[in-house]
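Have a look at the structure below, then the notes.
The values are calculated or read from the model by the stated rules, or taken from the named source; none is laboratory data. None of these values were measured; they are calculated from a predicted model. In this analysis, Cβ positions are derived from the backbone assuming ideal geometry, glycine residues included, and neighbour counts consider all displayed protein chains. These accessible areas exclude ligands, DNA and RNA; they are computed on the full protein's heavy atoms, side chains included. Shrake-Rupley method; radii C 1.70, N 1.55, O 1.52, S 1.80 Å.
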Amino acid sequence: QVQLVESGGGLVQAGASLRLSCLFSGRSFDTWDMGWFRQAPGKEREFVAVITWHSAITEYGDSVRGRFTVSRDNAKNMVFLQMNNLKPEDTAVYYCATDPGGRNNIKRGHAGVWGQGTQVTVSS
C-alpha cells in the first residue's frame, strides 16, 4: 500500500524560498508519476506540479510556473517542490499525490493516493 508524507512547510515572508519534501512508502517508487497540489481556505484544490517517474517530463500550474521546481530522488523515494519568490497568494496547504494511472490522472486531480498535507504561510 502506498503512503505519502509531506514535510517542509512553514511561515515565511514574501520573496523567501521553501523546499517541500514528500516521502513515498511502498513498492517501486521509480515507476510512479508524482504530483503536488495546494488548497487555500475557501478555495478549490489547485494543481501545482507533476513529474514523471523518470523525471523526463515536468508540468506546472500557471500561477507557479517559473517560480516553483519539482524534482525527485528515486534512490530516496522522495519528491521535492522548490518554491522561490513566494507570494502571499501561495499560502495554502500543499499536498503530494500519486496515481497508478500516471501524470494525466494526477493533473486532473484524480489521484488515488494523497498525503496529509503541509501548511505554507507567506506573510506580506
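Residues in the stretch 75-106 that are under 12 Å from Ala40 (Cα atoms) and either not in a strand (DSSP E or B) or not β-branched (Val, Ile, Thr) (or both): Pro88, Glu89, Asp90, Thr91, Ala92, Tyr94, Tyr95.
Among the residues of this structure, Gly109 counts as one that is in a loop (DSSP other than H, G, I, E, B), at positive phi and modelled with pLDDT under 95. Residues in the stretch 91-100 include none that are at pLDDT below 95, open to solvent by 10 Å² or more (accessible area, probe 1.4 Å) and touching a Phe, Trp or Tyr at 6+ places or on another chain (Cβ under 6 Å). Among the residues of the stretch 100-117, not a single one is over 27 Å from Val12 (Cα atoms), touching a helix residue (DSSP H, G or I) at 6+ places or on another chain (Cβ under 6 Å) and in contact (Cβ under 8 Å) with a residue 12 or more places away in the chain.
Out of the residues in the stretch 56-86 meeting the condition of being of a type in the set (Gly, Ala, Ser) and surrounded by fewer than 16 Cβ atoms within 10 Å (Cβ to Cβ), tell me which one is farthest from Ser124 (Cα to Cα). The residue in question is Ala75.
Residues that are among the charged types (D, E, K, R) and assigned to a loop (DSSP other than H, G, I, E, B) were ranked within the stretch 11-49; the one that is surrounded by the most Cβ atoms within 10 Å (Cβ to Cβ) is Asp33. Inside the stretch 1-10, residues that are over 14 Å from Leu81 (Cβ atoms) and open to solvent by less than 50 Å² (accessible area, probe 1.4 Å) make up a count of 1.
Could you list, in sequence order, the residues of the stretch 28-40 that are touching a residue at least 24 places away in the same chain (Cβ under 8 Å) and either out of contact with any Leu (no Cβ under 6 Å at 6 or more places or on another chain) or of a type in the set (Gly, Ala, Ser) (or both)? Within the stretch 28-40, Phe29, Asp30, Trp32, Asp33, Met34, Gly35, Phe37, Arg38, Gln39, Ala40 qualify.
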